[in-house]
Each structure stands twice: as structure tokens, then as C-alpha cells.
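Right, one structure below, let's go through it.
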Amino acid sequence: MRRHRAHAFVRLLTACGVFAGLAPYGPAVAAPRASGWVVSRTGPGTALLTGTMTAKAGGAGATVALFGVKGSGANKTHENAFTTTRVDWGTDGWVSVYGPGAATPDCPGATCADPTETPFTMKFSSNGHRIASTVYIAAWDAVTSVTVTAPGWRVRPWQPSMHVVRAAEGGGTGVRVVHTTAGTFALAEAAGGRYGSYAMAVLPCGMWGQGSGELSGGARRYGLVCGGSRSWHDSAPGAARWRLAGNVTGVDGIVNVLVVVDYPR
């Protein structure tokens, strides 16, 4: 299987602005835990793809994954012409402590609920390449809208099956506040769907950290390391058990360390 390196992780960390009174926020967005869109061709052949996505967080763990897939059945593969992207944003309303025996301090008021950010908009494209693949946009705890600006494509709503594992659920101990997690991490696991799945993994040590890990579940294993290549994404054409295992101590603005999106039938 071809190794997949073309990807982008986008962190919209405006939490400091919220606490400084610079970024407005309001109550959590009312949305299904998982929602999304499918962008596909309206006819045979290939075409250029361009579009925009607007999103608003429904909580601190908001994540949106964008990726392209070509082929069908057991022949599904990643579309390299489309840049795989994962966006993480939102802010924490209150400190969260995790680990065996850990207790989060009580919130002093109603403002401790996860606030939401003002909407953001990003562009996506096939990078000047003509493609006939399908692009999936899967959102977790977020409300999104998608507009395609190139002819020959259609957009339809999609209710994806997603599995999201937070750093705080990784078997370690630590604390999270202002959308920043500081602590240890050992393991994140999630099962993919029977028709295949796409996984995005990242070690929680982007701001500072030490240690390494490994992503498995696809055709091969991928080594990750703090201070180097600490993120990876991969696909599996059939049922898979995704596993991000490591021994990491670090600080990161990424809340979700493993995001798995099941392919539809």
C-alpha cells in the first residue's frame, strides 16, 4: 500500500483570546455528535475540484476530517491529489484533570461549559489535478456547511460513523485547560467499520514532549516520534482494529489523538 504523507493538521487555538475577552462565544451548538458531507462527481470522467467549508464548534473536542477515496470495495485507496486535512478547535470552559483517582475541581459558575468559537471558513481542492474520486467530510461535535465552486460535482449530507479517542482517555495522567493537554499517554484504540475506514492519529506532544509511538490497523505499522513525525493517517479497505500505542509525556493543543471514520457501504 502506498504510504500517505500528504496531510495537514490545523489547530485553531483562539482560547487565549476567549479568556482575554477577544473572541466571542456562546452556548454549545446543537448538532449530532457526528455529521458530514459527501462530495462526488455528477457524471463520468475527471474534473477539477474546488470548494469551501464553514464550521462552528459544539465543544472543546470539535474535529473535522476531510479526505478523498478512489476505487470501491476491497480496492479502495487514498486519493493523493486531495490534501487530507484535520481541523481541531474549540475551547475548554473549565480545567479537567484525568487519570486513576483524579478529580476535576468543581466549576465555580455557569460559564464553565465548553464555549464555542466564531465560525471559520477554509478552502479545499484537488490541487489543480483532475480527479474522479469521492471526498468525505466528517465532523465531530461541530456544525458544518459545504459549497463546491467547480462544475461537475455535487454535495449531499452524510451521517458518518466516527470513533474519537481523546488524549485524556489514553491511559495516562494529566490535566487539560484552555484547550491544552499536559500529561502522559499510552494507548488509544478504535474499531473500524466492516466496509473499511480511515484513521488519523497524532501523539499529544506538539508543544513540548518526549517519547514515541506506533499506529497500526492498516496494511503496515507507522512509527511516530515527539519532535519529529508525530502524526499519520492511513486507510483500511475492510474491517480493522486501529491502535495508537506509545510512551509519551508531553503538552499539546490537540484534544483528540485518534479519529476513525468508517467508509459507507
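The values are calculated or read from the model by the stated rules, or taken from the named source; none is laboratory data. Quick caveat: nothing in here was measured; it's all calculated off a predicted structure. All Cβ positions, even for glycine, are placed from backbone atoms using ideal geometry, and neighbour counts span all protein chains on display. Accessible surface areas use protein heavy atoms only, side chains included; no ligands, DNA or RNA. Shrake-Rupley method; radii C 1.70, N 1.55, O 1.52, S 1.80 Å.
General remarks:
- Residue in region 245-263 that is modelled with pLDDT under 95, open to solvent by 50 Å² or more (accessible area, probe 1.4 Å) and assigned to a loop (DSSP other than H, G, I, E, B) present: no
- Scope region 156-179; condition β-branched (Val, Ile, Thr) and open to solvent by 40 Å² or more (accessible area, probe 1.4 Å); matching residues: 173, 175, 177, 178
- Members of region 191-221 found to be in contact (Cβ under 8 Å) with a residue 40 or more places away in the chain, in a strand (DSSP E or B) and surrounded by fewer than 20 Cβ atoms within 10 Å (Cβ to Cβ), listed by number: 191, 208, 210
- When the criteria are applied in full, residue 83 meets the requirement of being among the β-branched types (Val, Ile, Thr) and farther than 30 Å from residue 183 by Cβ.
- Residues of region 58-106 that turn out to be free of Cβ contacts under 8 Å to residues at least 24 places away in the same chain and polar (S, T, N, Q), as a count: 2
- If the condition is being more than 18 Å from residue 86 (Cα to Cα), at pLDDT below 95 and outside any loop (DSSP other than H, G, I, E, B), then region 141-173 contributes 168, 169.
- From the list 101, 58, 68, the one residue that fits, being more than 24 Å from residue 231 (Cβ to Cβ) and not hydrophobic (A, V, I, L, M, F, W, C), is 101.
- The set of residues in region 47-95 being part of a strand (DSSP E or B), open to solvent by 10 Å² or more (accessible area, probe 1.4 Å), within 26 Å of residue 152 (Cα to Cα) and out of contact with any Lys or Arg (no Cβ under 8 Å at 6 or more places or on another chain) consists of 54, 85.
- Residue within region 135-155 that is more than 25 Å from residue 49 (Cβ to Cβ), of a type outside the set (A, V, I, L, M) and surrounded by fewer than 22 Cβ atoms within 10 Å (Cβ to Cβ) present: no
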